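**Student:** This is the structure, below, for whatever I ask next.
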Amino acid sequence: PNNGRESTQFAGTQPGLVDLGEVERGGVLRGPASVLYGSDALGGVINIITKQADFQPQGFEWSGLLSGDYGTAADSQRWRAEIGGAGPRASFRLGGTYFSAEDYESPEGIVPNSGMESTSGDGHVRFLLSDRSLLRADLEVFRGSDIGFPGFDPATSGVTILFPNFDRDKVGVTYELSEWAGLTSLTA
């Protein structure tokens, strides 16, 4: 399975910005889009839509998920749990993932220093304030440990490049107002 992480000689370790378990769907905008999305959007943009519970006009509905997978290339395992609920004017979702992988095995042999372990948590809550306005709060937490530099063999180089701990927290609050001052939507 994809571990949502890259490791480069220039930037070190970079865990994925979104846990793969959070993704509902995605899309690709091809071609240059730097004016709208910044200087890194030279070749295109990947639009990732995360899961969210739809408001339920009739009462409150609960949802949940428990999933796991195993990969033989790195003796990897991923476990994910989610719980959510939605009512007429509020919805929420909370999720957590555990991932671990040993060093990957390729046709040429073991890729040294490529294993890692991580835990992550994510969630959001949405409130429908009126027919025209919505308030949303999001949280993402990532904790990585023993993240190596894939392909860089400490045994042959004499140098170990290892990120023993890599933590990242992200909090966001969004207020959306539709049909205001001639705009179809305003997001702050």
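**Student:** List the residues, sorted by chain then number, that are 5 or more residues from Tyr104 or on another chain and whose placed amide H is less than 5 Å from its amide H.
**Tutor:** Counting only residues 5 or more places away or on other chains, the set is Val111, Ser114, Gly115.
**Student:** For region 99-188, which trypsin sites (Lys or Arg not before Pro) are in a loop by DSSP, counting at most 13 other Cβ atoms within 10 Å? Walk me through the numbers on the way to the answer.
**Tutor:** On the way: sites: Arg126, Arg132, Arg136, Arg143, Arg168, Lys170; in loops: Arg132.
Sites meeting the loop and neighbour criteria: Arg132.
**Student:** Using the Karplus equation 6.51 cos²θ - 1.76 cosθ + 1.60 (θ = phi - 60°), what ³J(HN,Hα) coupling, rounded to whole Hz, does each residue of region 108-122 give in order, writing x for Gly and Pro?
**Tutor:** Karplus-based 3J(HN,Hα) across region 108-122 equals 7, x, 6, 8, x, 6, 10, x, 5, 9, 8, 10, 8, x, 8 Hz.
**Student:** Right, something else. Give me D for the chain in µm² s⁻¹, whole number, from Stokes-Einstein with Rh from the Kirkwood sum over alpha-carbon pairs, 4 °C and 1.567 mPa s. All intermediate terms of the calculation are to be shown ahead of the outcome.
**Tutor:** Details: Rh = 19.2 Å.
The Stokes-Einstein estimate is 67 µm²/s.
**Student:** In whole Hz, with x marking every Gly and Pro, tabulate ³J(HN,Hα) for region 41-56 from phi via Karplus 6.51 cos²θ - 1.76 cosθ + 1.60, θ = phi - 60°.
**Tutor:** Along region 41-56, the couplings run 9, 5, x, x, 9, 9, 9, 9, 9, 8, 5, 8, 6, 6, 4, 10 Hz.
**Student:** With +1 on the Cβ of every Lys and Arg and -1 on the Cβ of every Asp and Glu, and nothing else charged, how large is the dipole of the chain about its Cα centre, in debye rounded to the nearest 20?
**Tutor:** Working: 14 positive and 25 negative charges, 147 e Å.
Rounded to the nearest 20 debye, it is 700 debye.
**Student:** Using a Gaussian network for the chain with springs between C-alpha atoms less than 10 Å apart, which of these wobbles most: Gly64, Gly84, Gly95?
**Tutor:** Highest fluctuation of the listed residues: Gly64.
**Student:** Pull out a ≥ b ≥ c, the square roots of the eigenvalues of the alpha-carbon gyration tensor of region 10-93, then state rounded if a/c is under 1.5, prolate if not and a/b is larger than b/c, and oblate in the remaining case.
**Tutor:** It comes out oblate by the Cα gyration axes.
**Student:** Return the long-range amide H neighbours of Phe149 (sequence gap of 5 or more, or a different chain), with a cut-off of under 5 Å between placed amide H atoms.
**Tutor:** For Phe149, whose amide H was placed from the backbone, the distant partners under 5 Å are Ile161.
**Student:** Kindly write out, for region 21-27 in residue order, the coupling ³J(HN,Hα) from the Karplus curve 6.51 cos²θ - 1.76 cosθ + 1.60 (θ = phi - 60°), rounded to whole Hz, with x marking Gly and Pro.
**Tutor:** Computed from phi, the couplings for region 21-27 are x, 7, 6, 8, 6, x, x Hz.
**Student:** Chymotrypsin sites (Phe, Trp or Tyr not before Pro) within region 17-119: which are DSSP loop residues with at most 16 other Cβ atoms inside 10 Å? Please report the intermediate quantities before stating the final value.
**Tutor:** Working: sites: Tyr37, Phe55, Phe60, Trp62, Tyr70, Trp79, Phe92, Tyr98, Phe99, Tyr104; in loops: Phe55, Phe60, Tyr104.
Sites meeting the loop and neighbour criteria: Phe55, Phe60.
**Student:** Follow-up question, since we're still on this one. In the chain, which longest range has no GluC sites (Glu not before Pro) that are both DSSP loop (not H, G, I, E or B) and surrounded by at most 16 other Cβ atoms within 10 Å? Please report the intermediate quantities before stating the final value.
**Tutor:** Values: sites that count: Glu102, Glu108.
Maximal segment without exposed cleavage sites: 1-101.
**Student:** Still on this model: Comparing Ala90, Ala41, Ala73, which has the greatest mean-square fluctuation in the GNM of the chain with Cα pairs linked when under 10 Å apart?
**Tutor:** Largest GNM mean-square fluctuation: Ala41.
No value in this document is a laboratory result; all are computed from the given coordinates. All values derive from a computational prediction rather than experimental measurement. Methodologically, a virtual Cβ is constructed for each residue, glycine included, from the backbone with ideal geometry; neighbour enumeration extends over all protein chains shown.
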